[in-house]
Amino acid sequence: MNLENLKIIVTGGAQGMGRHFAQQLVSAGAHVAIGDVNESGLAEVIEATKANQKGTLHARRLDVSSEADIASFVAWAHAAMGGLNGLINNAGILRDALLVKKDRETGAVKTLSKDQWDAVIGVNLTGATLMTRDVVAKMVETNQRPGVIVNLSSIARHGNRGQSNYTAAKAALAANTVTWSKEFATFGIRVGAVAPGMVETPMTQGMNQKARDALVSAIPVGRVGVPEDIWLAVKFVIECDYFNGRCIDVDGGLSM
Ligand SMILES: NC(=O)c1ccc[n+]([C@@H]2O[C@H](COP(=O)([O-])OP(=O)(O)OC[C@H]3O[C@@H](n4cnc5c(N)ncnc54)[C@H](O)[C@@H]3O)[C@@H](O)[C@H]2O)c1
């Protein structure tokens, strides 16, 4: 599919990778609707993108953990862009903790809370699934084809210490990329996933320096990724009409 005139939703578009994807899409002539819980971030992206608008950029508050929000956002985005043929499931959160941890000094045992589990599954998995459901339903109702869905997984999908919740969500998203590619083939809709390694965004900026240095030393290309590295893979998924049902790890060769 061509980027020009694509009508695509990007969730979590107020900062980090979602913001970068939205700006690259608009500068290539796409029509883009970004949704995020961070409303001041959305306003800032609209302002920052004004000078570079080959396509159009629309923004509205969206909480992907709310089914009602998703339904009204999809209807609004369809009307605002005059159609809909793409979705990037990018919104995501972390609530890292070991499933069971014993404090070295006190011996106290701490566990991952159900709230930490539910929050990450609610946004990263249920949110992406309901977004996909409602966007695809809209494309089918309006006979819009071809279409493309891009899921942001993570290399944590292979398993990562301290991330039971995140790993479960991102592995499920990669697996359902296959499921959905099979289910939606009849509608002319492809589904692909991109699994980043460590990327420089607000999500990773809070990481402590020691953990960061250790991680960077394990990355064969010798650096942390930047949103543009991941954009190149997202762009490939959108543009290559023969790419379907697969997840691409973009991690500088880092293995977990
Ligand atoms: N940064 C990394 O190293 C990395 C690595 C692998 C995968 N990822 C994934 O890539 C995606 C983008 O990550 P990022 O690093 O740009 O993160 P980020 O934290 O910088 O941005 C995520 C955006 O999602 C929004 N968001 C959070 N909860 C939301 C909700 N309920 N509804 C709508 N929006 C919500 C946030 O407000 C934020 O603007 C995420 O899915 C993340 O899990 C990131």
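A few comments on the model shown:
- When residues of segment 140-157 are limited to those that are within 22 Å of the chain's Cα centre (by Cα) and of a type in the set (S, T, Y), the one nearest to the ligand (Cβ to nearest atom): S154
- Restricted to segment 1-116, the set of helices (runs of 4 or more DSSP H) holding at least 2 residues that are of a type in the set (A, V, I, L, M, F, W, C) and touching a residue at least 40 places away in the same chain (Cβ under 8 Å) comprises 16-27, 67-81.
- Among residues of segment 61-79, those that are more than 11 Å from the ligand (Cβ to nearest atom), touching a helix residue (DSSP H, G or I) at 6+ places or on another chain (Cβ under 7 Å) and not hydrophobic (A, V, I, L, M, F, W, C), counted: 2
- Output for segment 237-256, where each listed residue is in a loop (DSSP other than H, G, I, E, B), touching a strand residue (DSSP E or B) at 6+ places or on another chain (Cβ under 8 Å), in contact (Cβ under 8 Å) with a residue 60 or more places away in the chain and within 13 Å of P220 (Cβ to Cβ): D251
- Among the residues of segment 8-44, those identified as more than 23 Å from G83 (Cβ to Cβ) and among the aliphatic types (A, V, I, L, M) are A14, M17, V37, A43.
- Every residue from segment 220-236 that is assigned to a loop (DSSP other than H, G, I, E, B) and in contact with an Asp or Glu (Cβ under 8 Å, 6 or more places away or on another chain): V224, V226
- Counted residues, segment 177-236 - those being away from the ligand (no atom under 14 Å from the Cβ) and either charged (D, E, K, R) or under 19 Å from the mean Cα position of the chain (by Cα) (or both): 15
- Screening N143 with (1) under 20 Å from L254 (Cα atoms); (2) outside any helix (DSSP H, G or I); (3) without any contact (Cβ under 8 Å) to a residue 12 or more places away in the chain gives one miss only, at (1).
- Here N85 does not qualify as within 16 Å of the ligand (Cβ to nearest atom), of a type in the set (S, T, N, Q) and out of contact with any His (no Cβ under 6 Å at 6 or more places or on another chain).
- Residue within segment 194-216 that is within 29 Å of V140 (Cβ to Cβ) and surrounded by 14 or more Cβ atoms within 10 Å (Cβ to Cβ) present: yes
Every number here is computed from the coordinates shown, using simple stated rules; none is lab data. Because the structure is predicted, anything quoted here is derived from the model rather than measured. Cβ coordinates were reconstructed from backbone atoms using ideal geometry, including for glycine residues, and neighbour counts include every protein chain displayed.
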